[in-house]
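Undergrad: Below: one structure in structure tokens.
The values are calculated or read from the model by the stated rules, or taken from the named source; none is laboratory data. Note that the structure is a prediction, hence the values are computed from the model and not measured. Quick reminder, even Gly has a Cβ in these numbers, built from the backbone with ideal geometry, and neighbours come from all protein chains shown. We work out accessible area using only protein heavy atoms, side chains counted, and drop any ligands, DNA or RNA first. Shrake-Rupley method; radii C 1.70, N 1.55, O 1.52, S 1.80 Å.
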Amino acid sequence: MKTLRIFLITVLCLLALAVGVFLIRGSSQQIMPPIEVDSFDGEKAYQHVLYQDELGPRIPGSEAHEKSVDYLSETLTESNWQVSLQGFSQNNVDFQNVVAHRQGSDKWYIVAAHFDSRQFADRDPDKSKRDQPVPGANDGASGVAVLLELARIFPVDYPYSISLVFFDAEDQGGINGQPWIMGSTYYADSLSAYPDAMLLLDMVGDENLNFLYEKNSDMVLRESIWDAAASLGYADTFIPQTGYSILDDHVPFLNLGIPAVDIIDFDYEYWHTTQDTPDHVTPASLEKVGHVVYTWLMMQKESQ
């Protein structure tokens, strides 16, 4: 009897151990550890929006534009990025792309935004204001703000090369005979090697944020970014439905066969108006976009 009792106890212990191992294995297969979002701070990003707004409209050739270039260069250098200026001219006006780079191995990713603001608010509902400049809090400053905060928190040991590119002269099309997307066109045409992917952030701080698939964007790339957003619980903001076809700073890269995506909320009612001001931009929106971009970049590392 005693022997039978010992045998039964032993069997029950072995069964319990087997069940425990099964549960542990099952849970490890079902629950993947999240990629750390690090310390991207929407409030810090928002301060960059406010500073750019305080400078005034960043119209090429203006003092505010010049100060913006200085601000970008200084802030990026303080965050331990190698900074260079890429100058070019159009119609006797001088422009400058600002490029921050960290050299790694193998792959190369570009995250970009434009920093200029439009000279004329030609979509303002008040026709008397259409000759005034656009403040550019969302259309310009928001993308810049996300990039600057990414620059602050991005790990220096990231294995691949990464560039944060701030394009000039994106938003001056149709003014004095100027084309659109001048800075990105010049930058792309100057490339001697091609990046593996280019992510563009444009109008990403809207208080009512919704991102649809931009039609021109690389299908595989945009789906992978929207999937990353969904994994963070942002499927209600990054909506996997096709939206507009937009001529933006990603197009020159697409024309070279480089996978590129435009992350843009084009349903922004203050676009190219005098009401594109910081009160229509929120830290929460900036932080959400920063989390998605950071997570996607970390996923590229984890997938290798």
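Undergrad: What base-10 log of the normalised intensity I(q)/I(0) is obtained for the chain from the Debye formula, alpha carbons as equal point scatterers, at q = 0.11, 0.12, 0.13 Å⁻¹?
TA: Per q value, in the given order, log10 I(q)/I(0) is -0.64, -0.74, -0.87.
Undergrad: Taking H placed 1.01 Å from N in the peptide plane, check which residues at least 5 places from Thr242 or on another chain put their amide H under 5 Å from its amide H.
TA: Tyr213
Undergrad: Please give the direction-averaged projected area of the C-alpha convex hull for region 148-304, in square nanometres with one decimal.
TA: In nm², the orientation-averaged hull projection of region 148-304 is 10.1.
Undergrad: Karplus couplings for region 152-158 from phi (6.51 cos²θ - 1.76 cosθ + 1.60, θ = phi - 60°), rounded to Hz, Gly and Pro as x?
TA: So the J values, rounded to whole Hz, are 5, 9, 6, x, 6, 9, 4.
Undergrad: D for region 122-182, whole µm²/s, Stokes-Einstein with Kirkwood Rh over alpha-carbon pairs at 25 °C and 0.890 mPa s: what number?
TA: 170 µm²/s
Undergrad: Please give the Cα centre distance for region 93-118 versus region 254-304, rounded to the nearest Å.
TA: Computed from Cα coordinates, the inter-centre distance equals 15 Å.
Undergrad: With a 1.4 Å probe and every protein chain left in place, work out the accessible area per residue of the chain in Å², rounded to a whole number.
TA: Result: 47 Å² of accessible area for each residue.
Undergrad: Could you tell me how many degrees, from 0 to 90 and to the nearest 10, lie between the Cα long axis of helix 2-30 and the main elongation axis, the longest principal axis, of the Cα atoms of the chain?
TA: Helix 2-30 sits roughly 10 degrees off the main axis of the chain.
Undergrad: If you put +1 on each Lys and Arg Cβ and -1 on each Asp and Glu Cβ, how big is the dipole of region 180-304 around its Cα centre, in Debye rounded to 20?
TA: I would put it at about 380 debye.
Undergrad: Any idea what the relative contact order of region 68-138 is, in percent, if you count C-alpha pairs under 8 Å spaced at least 6 apart?
TA: 20 percent
Undergrad: In whole Hz and in residue order, list the ³J(HN,Hα) couplings for region 43-55 that follow from phi through the Karplus curve 6.51 cos²θ - 1.76 cosθ + 1.60, θ = phi - 60°; x for Gly and Pro.
TA: After applying 6.51 cos²θ - 1.76 cosθ + 1.60, I find 5, 5, 4, 5, 4, 5, 5, 4, 5, 4, 5, 5, 5 Hz.
Undergrad: List the residues, sorted by chain then number, that are 5 or more residues from Arg118 or on another chain and whose placed amide H is less than 5 Å from its amide H.
TA: Excluding prolines and chain starts, which carry no amide H, the hits are Val134.
Undergrad: List the residues whose amide H sits under 5 Å from the amide H of Asp276, counting only those 5 or more places along or on another chain, with H placed 1.01 Å from N in the peptide plane.
TA: For Asp276, whose amide H was placed from the backbone, the distant partners under 5 Å are Gly136.
Undergrad: Kirkwood hydrodynamic radius (Cα pairs, Å) of region 84-168?
TA: 14.9 Å
Undergrad: Relative to the Cα centre, what is the charge dipole magnitude of the chain, using +1 at the beta carbon of each Lys and Arg, -1 at the beta carbon of each Asp and Glu, and rounding to the nearest 20 debye?
TA: So the dipole magnitude of the chain works out to roughly 1660 debye.
Undergrad: Let me ask something else. Quick check for the chain: number of Lys pairs with alpha-carbon distance under 22 Å, counting only pairs 8 or more apart or on different chains?
TA: 4
Undergrad: If I compute solvent accessible area with a 1.4 Å probe over the protein chains, what percent of it on the chain is carbon and sulfur?
TA: Exposed carbon and sulfur together represent 53 percent of the surface.
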